[in-house]
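Down below is the structure, laid out as structure tokens.
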Amino acid sequence: MIGIMAFSAIISVLSLLIAALAVFFGPMIQARSTRRQMESSLAIANKQITAPMRQTWINNLRDSIAQLASKAEFRSRLEKQSRQQSDLQELEILRHKILLMLNTAEADHVELEKEIKQMLEFVEQCPEFDGIYKMHYDKVIQLSRTIFKREWNRVKEPIHLDSGGTT
């Protein structure tokens, strides 16, 4: 009889202990789960906001570089006496627009800035320096393609949450 009462008391104590643990740890587990879910939702929302902005930036940069390269190429083929000062000013406006879109913390952006400047310096020298101009022109196009590809990959990459719940 004493054994059954002791067993019953142990079961009662264990039940009480399990209930106390559930009351204590349940809200902690729920709070952690809620926090992770909120972090995940925030990461998805940020991606949905930044991806279109990044795509717009890529499109604007691509258009500006295409205009600059096209106008520089056209200007390099003109005879010196046919060149207009306003065309040179337009090239400089495009160059500055591009510079303001580049990230100076990324090496290929800095290199692109340098190549654009050098390309435009030699535009005025053509046809005497046509080979040097063409080298810088080709480098501008190559660097631009590299930057666009990397940025496009950033736009389309899926959201990966690490163990901390952030992207």
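The values are calculated or read from the model by the stated rules, or taken from the named source; none is laboratory data. Values in this document were obtained by computation on a predicted structure and should not be read as measured data. Heads up, the Cβs are rebuilt from the backbone with ideal geometry, glycines too, and the neighbour counts pull from every protein chain shown.
Quick one: in region 62-96, of everything that is basic (Lys, Arg) and closer than 19 Å to GLN142 by Cα, which residue is surrounded by the fewest Cβ atoms within 10 Å (Cβ to Cβ)? If you could, list the steps in order and put the result at the bottom.
So the first thing to find is which residues in region 62-96 are basic (Lys, Arg), and the list is 62, 71, 75, 77, 80, 83, 95.
With the extra rule that they be closer than 19 Å to GLN142 by Cα, the set shrinks to 62, 71, 95.
Values: ARG62: 15, LYS71: 17, ARG95: 19.
This residue is ARG62.
Just to verify a result, which residue in region 36-61, among those that are surrounded by fewer than 13 Cβ atoms within 10 Å (Cβ to Cβ) and closer than 25 Å to TYR137 by Cα, is nearest to the chain's Cα centre (by Cα)?
The qualifying residue nearest to the chain's Cα centre (by Cα) is THR56.
For LEU100, work out the one condition from (1) surrounded by fewer than 16 Cβ atoms within 10 Å (Cβ to Cβ); (2) part of a helix (DSSP H, G or I); (3) at pLDDT below 90 it doesn't fulfil.
Result: LEU100 passes all but (3).
Is at least one residue of region 152-167 more than 30 Å from ARG32 (Cα to Cα), under 18 Å from the mean Cα position of the chain (by Cα), in a helix (DSSP H, G or I) and modelled with pLDDT under 95?
Yes, some residue in region 152-167 is more than 30 Å from ARG32 (Cα to Cα), under 18 Å from the mean Cα position of the chain (by Cα), in a helix (DSSP H, G or I) and modelled with pLDDT under 95.
What residue, of ILE116, ILE132, ILE147, ILE141, is at pLDDT below 90 and in a helix (DSSP H, G or I)?
ILE132
Can you go through SER70, SER64 and tell me which one is closer than 30 Å to ARG95 by Cα, small (Gly, Ala, Ser) and touching a helix residue (DSSP H, G or I) at 6+ places or on another chain (Cβ under 6 Å)?
The unique qualifying residue is SER64.
Mind counting the residues in region 119-129 that are loosely packed, with under 14 Cβ neighbours inside 10 Å and part of a helix (DSSP H, G or I)?
Number satisfying all stated conditions: 1.
Looking at SER15, SER41, which is the one that is over 30 Å from ARG154 (Cα atoms), assigned to a helix (DSSP H, G or I) and among the hydroxyl-bearing types (Ser, Thr, Tyr)?
Matching residue, one of SER15, SER41: SER15.
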